[in-house]
Amino acid sequence: MLNHSQKRFESLYAILIPYLPLANCMKKPIYISVILLFNLIYIDCLRSQGIDSMMGMLRRTHHMPSSPQKDSALVYQYNYLAEGYSGQNDSLALRYIDSIKQKLTNPVWNKTEGLYLRAIGKYHDRRGEFKEALSFYTQAIESLEKNGDQSELVAYAYILKAFVLNNNGLIDECNKTLEQIRPLAEKLDNKNYLAWILDAYGDHLFYSAFGHQNFQKALEYYLQVEALLPHVKSIQIKADNAHGIGGCYLRLGNEKKALEYNNLALDIAKKNNLKAVIFSVYGDMADVYEEKGNFNEAIRYRILSLDYAKQSKWIEFEGRAERNAAYTYKNAGDYKNALFHFERMNVIEDSLARFEVQSRYHELEVKFESGKKDLEIQQLKAENLKLILYVLGALLLGGLLFLIYYQKTNKKLLQHNAALFEKNIEIQMALTEGQNIERKRMAIELHDNINAKIAAAKWILETINTPDKSNEEQDVINRLVDTMSDIYEDVRFISHNLVPKDIENKNLGEIFSQLIENLNHNQKIRFTCSLYGTDPGMNNPLKLQCYAMTMELINNIIRHSGCHNATITLHFANDQLMLRAEDDGIGFDPDTIKTGTGLKNLASRILSVNGNMKIANGKNQGTSITIFIPLV
């Protein structure tokens, strides 16, 4: 029995078939219009159909006469099936990807390459090979946009790329990607893509993993998605939206509404075999029972959630479910099962290679910026070539015309040079921002990965420290536990201070005061901070450089000075910042300046901001390093 969308497509399909031979005789503009119309019909009618319906359409397309329309229809259908089978039946997915590849030898549809790249990206995405998925999604977007696509094809590629970034901890980059495609998503009749964007914003405020929870604001985003549902074709979105609204109501204390929406989500998900949604709903129910201290029910729903995560065949979801189960068992005091699930999570996390994904994203960003710079250089070369031709022509017309022309072109050159100077500043700022992103990534990696493993090791030691051990054995284990705790706190201190929080919103004095306070909690050396003058409002890149210089100085004091007291001084005066680090330690041999890596790094940073440095040092008389940085 055909539904309304299928009947609509069958009618349009039957209307178009008799005209396919005629289209071959048409002039090119009309001919291309028929192709585009045909593909728009496909996109509108088939995106809401399942794989079985698409297989039926594919069989009928194979019986069409050879034509460009047939080729473009086949490419679209192969792409749909390749992406649909990815993660479910990889051999079939690869078969349809290969079918698209064969069409690339002589493509008649300029979107063929973009759909081929997107299908390969989806294949790697579902296998948890995120580095490769990110690369192919990015190439797909570039190919589709190069060919002027402003349809659901490029919108979906952006959405898939954003979700890979989101699942690998690059939340700011995910939001940036979603904002890039949002204007197009708002224009499209199919609201799937706008719904995905708004749902992602809600998730970032709902889940604690993103660092900031605001259930009321998350609910507002989810309700915006609910208003779009009459124009949304994806059943997955409808089920997931009900789950999100139910979760918000539950945490806001409206249990009646929460039960209504959670039951709706489960009803839609079970009817349509949406394992990922069921995994999420049961996971939220486990969270609630765990918060209430009912660990028996929390564990029951955790295991159900894990089972559906495995059935979904999304390795990303399985990793989350194993992590949640590990912490629930730990909080319940069942360290044996906690360790089992923690080890399973580590195996999955290692296979996902999130660090490689983050590195690959930054490589792609640098490549993109480099490509833009190369294009600007080529354009500038073309302008210079025109300039030479103009000068030659002006010489033929006489000295007077040459002088006039020279004045005009000289002005253009000055403008070009000014533009290039501004571009260099932008590149320098981008590099600094890249370093900031990398420091944030390292901080996350230290905090979430290394510390988690240290915590696991500590659990194991605590578990084996039983009363049947001898006093000597217990003493050794206790010292090991204490050592692991010290290591945990050291790593936590390092991760928190790689990049200070809210550096964009705080002035340098506030940042340094907080840093010194943190140091005095963790170090035997007594640090003090002295502030003079008024901070004129430094830009973020310069603040980051000053912070990095200070961390280098503090690191040298802690590692080499042997001091008991140290002072960090900030003095703003006469459009200049004076930054000084002093200690009462043993001093150092001046010859080490020539070989020490730390001081070389420090000198390089100072040079990059046009500053200079003075060192006052004496054997057993302490050390004073003063840095002067211009603020204008």
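The values are calculated or read from the model by the stated rules, or taken from the named source; none is laboratory data. Please read these numbers as outputs of a predicted model, since none were measured by experiment. Ideal geometry is used to build each Cβ from the backbone, glycine not excepted, and the neighbour counts take in all protein chains shown. Side chains are part of the model used for accessible areas, which takes the heavy atoms of the whole protein and leaves out ligands, DNA and RNA. Shrake-Rupley method; radii C 1.70, N 1.55, O 1.52, S 1.80 Å.
If the condition is being farther than 15 Å from A326 by Cα and assigned to a helix (DSSP H, G or I), then region 285-296 contributes M285, V288, Y289, E291. The one condition from (1) farther than 24 Å from Q514 by Cβ; (2) surrounded by fewer than 16 Cβ atoms within 10 Å (Cβ to Cβ) that G622 does not meet is (2). The set of residues from region 531-541 being within 12 Å of N507 (Cβ to Cβ) and open to solvent by 30 Å² or more (accessible area, probe 1.4 Å) comprises L531, G533, T534, D535, P536, G537, N539, N540. Considering (1) surrounded by fewer than 17 Cβ atoms within 10 Å (Cβ to Cβ); (2) under 38 Å from the mean Cα position of the chain (by Cα); (3) at pLDDT 85 or above; (4) among the basic types (K, R), the lone condition that R526 does not fulfil carries the number (2).
Only one entry in Q88, Q139 is closer than 30 Å to G169 by Cα, free of Cβ contacts under 8 Å to residues at least 60 places away in the same chain and open to solvent by 50 Å² or more (accessible area, probe 1.4 Å), namely Q139. Listed by first and then second residue, the pairs with beta-carbon distance under 6 Å, at least 6 apart or on different chains, first residue in region 239-260 and assigned to a loop (DSSP other than H, G, I, E, B), second open to solvent by 10 Å² or more (accessible area, probe 1.4 Å), are L252/F215. Close Cβ contacts (under 9 Å, 6 or more residues apart or on different chains) running from residues in region 539-564 that are charged (D, E, K, R) to residues that are assigned to a helix (DSSP H, G or I) comprise K543/L508; K543/I511; E552/G598; E552/L599; E552/N601; E552/L602; E552/R605; R559/G598. In this structure, is Q180 surrounded by fewer than 22 Cβ atoms within 10 Å (Cβ to Cβ) and either touching a Lys or Arg at 6+ places or on another chain (Cβ under 6 Å) or part of a helix (DSSP H, G or I) (or both)? It is true that Q180 is surrounded by fewer than 22 Cβ atoms within 10 Å (Cβ to Cβ) and either touching a Lys or Arg at 6+ places or on another chain (Cβ under 6 Å) or part of a helix (DSSP H, G or I) (or both).
Evaluation of N110 against the conditions (1) assigned to a helix (DSSP H, G or I); (2) over 19 Å from the mean Cα position of the chain (by Cα); (3) in contact (Cβ under 8 Å) with a residue 24 or more places away in the chain shows that the sole unmet condition is (1).
Number of residues in region 143-170 that are surrounded by 18 or more Cβ atoms within 10 Å (Cβ to Cβ) and without any contact (Cβ under 8 Å) to a residue 60 or more places away in the chain equals 14. The selection criterion, being open to solvent by 20 Å² or more (accessible area, probe 1.4 Å), of a type in the set (S, T, Y) and not in a helix (DSSP H, G or I), does not hold for S99. Against the definition (closer than 26 Å to V491 by Cβ, touching a strand residue (DSSP E or B) at 6+ places or on another chain (Cβ under 6 Å) and of a type in the set (A, V, I, L, M)), how does I615 come out, yes or no? For I615, the condition - closer than 26 Å to V491 by Cβ, touching a strand residue (DSSP E or B) at 6+ places or on another chain (Cβ under 6 Å) and of a type in the set (A, V, I, L, M) - is not met.
Considering only residues in region 561-605 that are open to solvent by less than 20 Å² (accessible area, probe 1.4 Å) and of a type in the set (S, T, N, Q), the one that is modelled with the lowest pLDDT turns out to be S561.
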